[in-house]
Amino acid sequence: MRAICVFCGSSAGVRPGYAAAAVAFADALASRGLGLVYGGGSVGLMGVIADASLARGVSVVGVIPRHLDELEVGHKSLTRLHVVETMHERKALMAELSSGFVALPGGVGTLEELFEVYTWGQLGLHKKPVAVLNVDGYYTPLLQFIDHAVTEGFLRQEHRDFVLTATEPGPLLDAMASWTPPKVAKWLDRKTS
């Protein structure tokens, strides 16, 4: 792995543990010599992880659409900031520049980004690990829902296993480094559809 794409909120949330986890994630990136790719903002958890990573000598690449550059207060002190035209370009470039994906706490944008790369992995469009850092149980209900989708026959267990989880950054990055994509011949069983 060379750089990790982190999806996270443009808000810091209500719990101090969320920002602390972003700083701890920056520590884990620095200790492993990994770069950070993220949404390019300077506010919320995006700003926390960018600033903490930069302070630790981590290469930080931001990707932000032009219309959000002012709304999210695009970070001007990054190693590199790509300003693109659309959200689609943003996500495609973030994926291209990254060796894997991690969701820290965030809102609907974070969830959308997470589920898009999760879907791309399920469809075989990439073979990169997808993970969530479950800070203070933030993602527990979401992970339970994904398990429910398996129980109800809408998701195969092999695809559920695409999403790695941990409560601490170090073990999560270690799991990502050793992850290999499952060998699934097809994602849809036409006999039961």
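Under the condition of being under 28 Å from Ala92 (Cβ atoms), surrounded by 15 or more Cβ atoms within 10 Å (Cβ to Cβ) and at pLDDT 95 or above, the residues counted in segment 127-164 number 15. The number of residues in segment 41-63 being more than 15 Å from the chain's Cα centre (by Cα), among the hydrophobic types (A, V, I, L, M, F, W, C) and either surrounded by 24 or more Cβ atoms within 10 Å (Cβ to Cβ) or not in a helix (DSSP H, G or I) (or both) comes to 2. When you scan segment 136-150, do you find a residue that is under 13 Å from Pro181 (Cβ atoms) and in contact with a Gly (Cβ under 6 Å, 6 or more places away or on another chain), even just one? No, segment 136-150 has no match at all. The one condition from (1) surrounded by fewer than 20 Cβ atoms within 10 Å (Cβ to Cβ); (2) assigned to a helix (DSSP H, G or I); (3) under 17 Å from the mean Cα position of the chain (by Cα); (4) not basic (Lys, Arg) that Glu113 does not meet is (1). Might you check whether a residue that is over 22 Å from Ser10 (Cα atoms), without any contact (Cβ under 8 Å) to a residue 60 or more places away in the chain and touching a helix residue (DSSP H, G or I) at 6+ places or on another chain (Cβ under 9 Å) occurs anywhere in segment 102-121? Checked against the condition, which is being over 22 Å from Ser10 (Cα atoms), without any contact (Cβ under 8 Å) to a residue 60 or more places away in the chain and touching a helix residue (DSSP H, G or I) at 6+ places or on another chain (Cβ under 9 Å), segment 102-121 yields at least one hit. Taking segment 135-150 as the range and being touching a residue at least 60 places away in the same chain (Cβ under 8 Å) and outside any helix (DSSP H, G or I) as the test, only Tyr138 passes. Does Val37 satisfy being buried (at least 17 other Cβ atoms within 10 Å of the Cβ), modelled with pLDDT of 95 or more and not small (Gly, Ala, Ser)? Here the answer is yes, as Val37 does meet what is asked. Looking for something of a type in the set (S, T, N, Q) and buried (at least 16 other Cβ atoms within 10 Å of the Cβ) - is there at least one such residue anywhere in segment 70-85? Taking every residue of segment 70-85 in turn, none turns out to be of a type in the set (S, T, N, Q) and buried (at least 16 other Cβ atoms within 10 Å of the Cβ). Gly106 fulfils the conditions (1) in a loop (DSSP other than H, G, I, E, B); (2) surrounded by fewer than 20 Cβ atoms within 10 Å (Cβ to Cβ); (3) in contact with a strand residue (DSSP E or B) (Cβ under 8 Å, 6 or more places away or on another chain) except for a single criterion, (2).
Of the residues in segment 42-50, none is free of Cβ contacts under 8 Å to residues at least 12 places away in the same chain and out of contact with any helix residue (DSSP H, G or I) (no Cβ under 8 Å at 6 or more places or on another chain).
Residues of segment 116-134 that are within 13 Å of the chain's Cα centre (by Cα) and assigned to a loop (DSSP other than H, G, I, E, B): Lys128, Pro129, Asn134. Among residues of segment 165-179 being among the aliphatic types (A, V, I, L, M) and touching a Lys or Arg at 6+ places or on another chain (Cβ under 9 Å), the one that is surrounded by the fewest Cβ atoms within 10 Å (Cβ to Cβ) is Ala177.
The values are calculated or read from the model by the stated rules, or taken from the named source; none is laboratory data. If you're wondering where the values come from, they're calculated on a predicted model, not measured in any experiment. Note that each Cβ is placed from the backbone with ideal geometry, even for glycine, and that neighbours are counted across all protein chains shown.
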